[in-house]
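Following: one structure in structure tokens, then a few remarks.
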Amino acid sequence: MSSKKLRNLMVAGKRTSMRLEPAFWDALEEIAQREDLTVSRLCTRLAERVEALDVDSLSSAVRVYVMEYFRSATPSQEVALCEMPIAAE
């Protein structure tokens with residue numbers, strides 16, 4: 001059984017379906033809210049980027065975008081907010 005959730009949304013004026021893990025749907029909704037956009041409008045912008053990059057998977061582009069968005073908002077490792085144990089240590 002897949003843990004991915006299928007949702008229908010409008011992208012570039014067309015109804016489309018996208019399958020993402022719940023954490024990515026939550027993150028996408030949070031980003032849209034922060035940027036004062038709807039999820040559909042944000043996905044439309046990402047779809048335009050996907051076309052420009054000649055990539056055929058909007059869901060993959062969304063995953064990468066979410067990671068990049070929150071990575072850019074995270075302080076660099078030199079300014080880490082807390083110590084995080086590494087399993088190999």
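The values are calculated or read from the model by the stated rules, or taken from the named source; none is laboratory data. From a predicted model like this one, the values you see are computed outputs, not experimental measurements. Please note: Cβ atoms are built from the backbone with ideal geometry, for glycine as well, and neighbour counts cover all protein chains shown. For the accessible areas, the whole protein counts, side chains as well, though only heavy atoms, and no ligand, DNA or RNA atoms are used. Shrake-Rupley method; radii C 1.70, N 1.55, O 1.52, S 1.80 Å.
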Which whole-Hz couplings ³J(HN,Hα) result when phi for each residue of region 16-24 is put into the Karplus expression 6.51 cos²θ - 1.76 cosθ + 1.60, θ = phi - 60°, listed in order with x for Gly and Pro?
9, 10, 9, 10, 9, 5, x, 4, 6
Sequence-distant or interchain residues sharing an amide H contact under 5 Å with Ala12, placed H: which?
Thr44
What does the accessible area of Leu6 come to, in Å² to the nearest 10, when a probe of 1.4 Å is used?
90 Å²
What distance in nm separates the two pseudo spin-label positions at Glu30 and Arg15, each 7 Å out from Cα along the beta-carbon direction?
3.1 nm
What distance in nm separates the two pseudo spin-label positions at Arg45 and Ser57, each 7 Å out from Cα along the beta-carbon direction?
2.3 nm
Subtract the Cα-Cα distance of Arg7 and Phe70 from 0.36 nm times their separation in residues, and report this length gain in nm to one decimal.
20.4 nm
Charge context of Val11, other residues only, Cβ under 10 angstrom, K/R +1, D/E -1
+3
Amide hydrogen neighbours beyond the local backbone of Glu21, cut-off 5 Å, H modeled:
Lys5
